[in-house]
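Trainee: I'd like to ask some things about the structure below.
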Amino acid sequence: MEPTYRCLIIDDETPAHKALTAHIAKCEELVYSGSAFNGMEALKMLNENSYDIIFLDISSTSYLLAKML
């Protein structure tokens with residue numbers, strides 16, 4: 001069995017979440033593990049769970065969040 005990687009999506013746009021969720025579903029080694037629509041939600045989820053891969057929207061807010069990680 002191949003290793004699986006827990007994925008978190010952080011983006012403020014619903015279409016991006018839908019597209020990434022569909023892509024993750026097609027990859028056997030990836031497991032969709034949650035979504036956040038803003039930095040506060042993301043920080044809460046990151047404090048409560050562990051993820052192997054984070055899909056992070058490129059914006060000024062996301063940049064600040066990435067620096068905090």
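The values are calculated or read from the model by the stated rules, or taken from the named source; none is laboratory data. Since the model is a prediction, treat every value here as computed from it, not as a measurement. Every residue, glycine among them, receives a Cβ derived from its backbone with ideal geometry; neighbour counts consider all protein chains shown. Keep in mind that these areas ignore ligands, DNA and RNA; they rest on the heavy atoms of the full protein, side chains included. Shrake-Rupley method; radii C 1.70, N 1.55, O 1.52, S 1.80 Å.
Trainee: Just give me the residues in region 35-62 being in a helix (DSSP H, G or I) and open to solvent by less than 60 Å² (accessible area, probe 1.4 Å), in sequence order. It would help to see each step written out before you state the result.
Mentor: Step one: of region 35-62, the residues in a helix (DSSP H, G or I) are 39-48, 60-62.
Of everything in region 35-62, those that are in a helix (DSSP H, G or I) and open to solvent by less than 60 Å² (accessible area, probe 1.4 Å) turn out to be G39, A42, L43, M45, L46, S62.
Trainee: Another question, if that's okay. Hey, does region 14-34 have a residue that's without any contact (Cβ under 8 Å) to a residue 40 or more places away in the chain, assigned to a loop (DSSP other than H, G, I, E, B) and open to solvent by 40 Å² or more (accessible area, probe 1.4 Å)?
Mentor: Residues of region 14-34 that are without any contact (Cβ under 8 Å) to a residue 40 or more places away in the chain, as a first pass: 14-15, 17-34.
Okay, now just the ones that are also assigned to a loop (DSSP other than H, G, I, E, B), so 27-29.
Narrowing the set further to residues that are open to solvent by 40 Å² or more (accessible area, probe 1.4 Å) leaves 28-29.
Yes - at least one qualifying residue is present in region 14-34.
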